[in-house]
Amino acid sequence: MVEAQIKVVVVGHHSRRQQACHLAHLLDAHLLIDDQDRGANWNHRRAMEWAADQDQRVVVIEDDAIPVSGFTESVCGWLERFPDDLISFYLGTGRPPQYQMAIAGKLINADKERSDFVTLPRLLHGVCYSPPKQAIDKILSRWDFAKAADYAVGDAYGGAVIYPCYSLVDHLDEASVEKHPDNKPRTERRKAWRLHQ
């Protein structure tokens, strides 16, 4: 059965416990709740440590992700195509602002080339992603506790990231619970550029 090939872990914040539990139940996922405001970096690190102990490939999803219908089957299809790559199942608008023009250009080029994915040099979002199993030890050994969670994962991975042109999750665009190092409010619209139907 296709679903048995992966495991899912939900990283959640205590203020969103109910929706984190609901998402974990929906996806038959392991749940990691940050009960003491330790931050996304700490909780995503826990997710990587948990993933290192699993036999299957792991998908990490945040509590404010909204999976599309057929999420698990679609994810498995992408992981079969790209078994050795870090894949992000969310490509979002608004954040980070410095990458938005590049994302728009990549999507236009993908349309011209009839490609269903783009690559970017960095993991831009922690909303939903899956590192290759063989890279997890390296990610843990190179982890930077001072970085935002998405950059901590992607920069430790150290390679290009695959993004389906049509995201497999959307983002519940509510106030951020994370205390960001730059102390700037996140006011940009944070939704998927395109969403898988």
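Of note:
- Selection of first residues in the stretch 69-81 that are closer than 18 Å to Pro132 by Cβ and of second residues that are among the basic types (Lys, Arg) and surrounded by 12 or more Cβ atoms within 10 Å (Cβ to Cβ), restricted to Cβ pairs under 7 Å at least 6 apart or on distinct chains, gives the following pairs, ordered by first then second residue: Leu79/Arg57.
- Among (1) in contact with a Leu (Cβ under 8 Å, 6 or more places away or on another chain); (2) surrounded by fewer than 19 Cβ atoms within 10 Å (Cβ to Cβ); (3) not aliphatic (A, V, I, L, M) - the single one His30 does not satisfy: (1)
- Extreme residue, surrounded by the fewest Cβ atoms within 10 Å (Cβ to Cβ), among residues of the stretch 33-47 that are small (Gly, Ala, Ser) and in contact (Cβ under 8 Å) with a residue 40 or more places away in the chain: Gly39
- Qualifying residues in the stretch 1-27 (those that are under 19 Å from Pro132 (Cα atoms), at pLDDT below 95 and of a type in the set (A, V, I, L, M)) - the one surrounded by the fewest Cβ atoms within 10 Å (Cβ to Cβ): Ala4
Quick grid of which residues meet (1) closer than 17 Å to Arg45 by Cα; (2) modelled with pLDDT of 95 or more:
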site	(1), (2)
Ser115	no, yes
Cys128	yes, yes
Pro131	yes, yes
Ile136	yes, yes
Ile139	yes, yes
Val153	yes, yes
Pro164	no, yes
Ser167	no, yes
Leu172	no, no
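- Those residues of the stretch 55-106 which are in a helix (DSSP H, G or I) and closer than 14 Å to Ile162 by Cβ, in sequence order: Ser74, Val75, Gly77, Trp78, Leu79, Glu80, Arg81, Ile103, Lys106
The values are calculated or read from the model by the stated rules, or taken from the named source; none is laboratory data. This structure is a prediction, so every number in the text was calculated from the model and none was measured. As a convention, Cβ positions derive from the backbone with ideal geometry for all residues, glycine included, and neighbour counts pool all protein chains shown.
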